[in-house]
């Protein structure tokens, strides 16, 4: 019998009520590898990586797509071999992640370096190994990267991370493209009303996404086979009084003027001035995490395409790639939504096409950086139950669904916030189930808590568990494949759990 849709596809419940993974019972895995235990379905990772790469390629069939796995979500040599085997690149952001990726045999040409505070040693390793991209995160970085590349006699490929002003994500700490943010370089200068740049929808609506011009006058577009010329003949620097001939053109020039005066374009100019030590390969944005549909991605993409057109007008350089980041949601409980990446990437692709047509631009290569979407549903954490404590609650206490709650049952397990900090840090929701037997038909509302000396050491705020739950039982918490192991700590000197990979080939 299958468990539910949030569990790995190869997980099941056998005739004794035990949860199994590719035929391995939860109890047998705990006996062999210890408790707590991170269980990772390697076949699920491979399948989801393949699905995302295919969905991106099908949605953006008219251009080239690159998909990078965000190693921060879960990194091990074996996981990196799985995802790169399905055609993915790998995003890294520390020396440790870089070393693990290189140790896994991932060539530098398939690696990306991120980070808001890169060390010289990290930059040097990326340049030496010929990383596909070093993502510039602040105005001082281009000169640092160029100096290192020059000393090594190399040319570094760089991309600029842009803060586009779009708010998205399930928690403040995972929303990463708003203005008050440590990441990236702002699209607009301080004090500029962002509504001035939201012109793409109007252009698409008024012109149906089909470009063209009446003559061959040079007008801010490359010649030849890079695409049709732009409908709007504008010369940089823009002059609203001289250039505007209709309301659409007036709005577009106002938007591009604002972008041309922003910090991002200034850094792009600085990068271009550092040839031949630097090669500018594109622009990047990452707007947040746990995003359920394409809406926020669409708004970010429109602003990125506007920056790309403005950059060409101002510098005569056509940015070849636009990286739209990650943030694709998964469901952590049965009643949560998850992004349908095939459907939502198709929505996004249609707008990218229309935006570039309206701007008279060829489409760039498009990149994405999923992490959670690939590995979270592939992971389940197993715990052993210790104390089960019934605590009477004051009259009027309600559960998280607003129902009266007379008592709370605290189920303590042998792990906690040291192996999954997300509930304490982000108020993240999870669920749990008894994994080593069927349990009673009668259930109780339980709170699963850890062993640490913190009242906030909560793994599951509320979930139904069998009323006969007892010491020694095994609990399983699904959807823990992302940001559990990689954010684990030794708080209270707890040991970080082992990781066991399960698949058709067995457990390892």
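Can you tell me which condition residue 270 does not meet? The list is (1) surrounded by 18 or more Cβ atoms within 10 Å (Cβ to Cβ); (2) within 22 Å of residue 351 (Cβ to Cβ), and all the others hold.
Residue 270 satisfies every listed condition except (2).
I'd like the full set of residues that are within 18 Å of residue 47 (Cα to Cα), assigned to a loop (DSSP other than H, G, I, E, B) and at pLDDT below 95, limited to the stretch 467-508.
Within the stretch 467-508, 504, 505 meet the criteria.
Is there a residue in the stretch 428-437 that is modelled with pLDDT of 95 or more, surrounded by 13 or more Cβ atoms within 10 Å (Cβ to Cβ), in a loop (DSSP other than H, G, I, E, B) and over 33 Å from the mean Cα position of the chain (by Cα)?
Yes, the stretch 428-437 contains a residue that is modelled with pLDDT of 95 or more, surrounded by 13 or more Cβ atoms within 10 Å (Cβ to Cβ), in a loop (DSSP other than H, G, I, E, B) and over 33 Å from the mean Cα position of the chain (by Cα).
Any residue at all in the stretch 453-463 that is in a loop (DSSP other than H, G, I, E, B), crowded, with 18+ Cβ neighbours inside 10 Å, outside the structural domain of residue 97 (by TED's automatic domain parsing) and touching a residue at least 60 places away in the same chain (Cβ under 8 Å)?
No, the stretch 453-463 has no match at all.
Suppose we filter the stretch 21-59 for residues that are without any contact (Cβ under 8 Å) to a residue 24 or more places away in the chain and either part of a helix (DSSP H, G or I) or outside the structural domain of residue 495 (by TED's automatic domain parsing) (or both); how many remain?
Of the residues in the stretch 21-59, the ones without any contact (Cβ under 8 Å) to a residue 24 or more places away in the chain are 23, 28, 31, 54, 57.
Narrowing the set further to residues that are either part of a helix (DSSP H, G or I) or outside the structural domain of residue 495 (by TED's automatic domain parsing) (or both) leaves 28, 31, 54, 57.
Of the residues in that region, 4 qualify.
Output the residue which, of all residues in the stretch 387-411 that are buried (at least 17 other Cβ atoms within 10 Å of the Cβ) and modelled with pLDDT of 95 or more, is farthest from residue 39 (Cα to Cα).
Step by step, filter the stretch 387-411, then rank; the result is 409.
Quick grid of which residues meet (1) within 30 Å of residue 76 (Cβ to Cβ); (2) touching a residue at least 60 places away in the same chain (Cβ under 8 Å); (3) in contact with a strand residue (DSSP E or B) (Cβ under 7 Å, 6 or more places away or on another chain); (4) surrounded by 22 or more Cβ atoms within 10 Å (Cβ to Cβ):
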| site | (1), (2), (3), (4) |
| --- | --- |
| 114 | yes, no, yes, yes |
| 121 | yes, no, no, no |
| 125 | yes, no, no, no |
| 150 | no, yes, no, no |
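Which count do you get for residues in the stretch 313-332 that are assigned to a loop (DSSP other than H, G, I, E, B) and within 19 Å of the chain's Cα centre (by Cα)? Lay out the reasoning, then the answer.
First pass over the stretch 313-332, keeping only residues assigned to a loop (DSSP other than H, G, I, E, B): 316-320, 324-327, 329-332.
Remaining after also requiring within 19 Å of the chain's Cα centre (by Cα): 324-327, 329-332.
Matching residues across the stretch 313-332 total 8.
The values are calculated or read from the model by the stated rules, or taken from the named source; none is laboratory data. Only a predicted model underlies this, so the values are computations on that prediction, with no experimental measurement involved. Cβ: placed from backbone, ideal geometry, glycine included. Neighbour counts: every protein chain shown.
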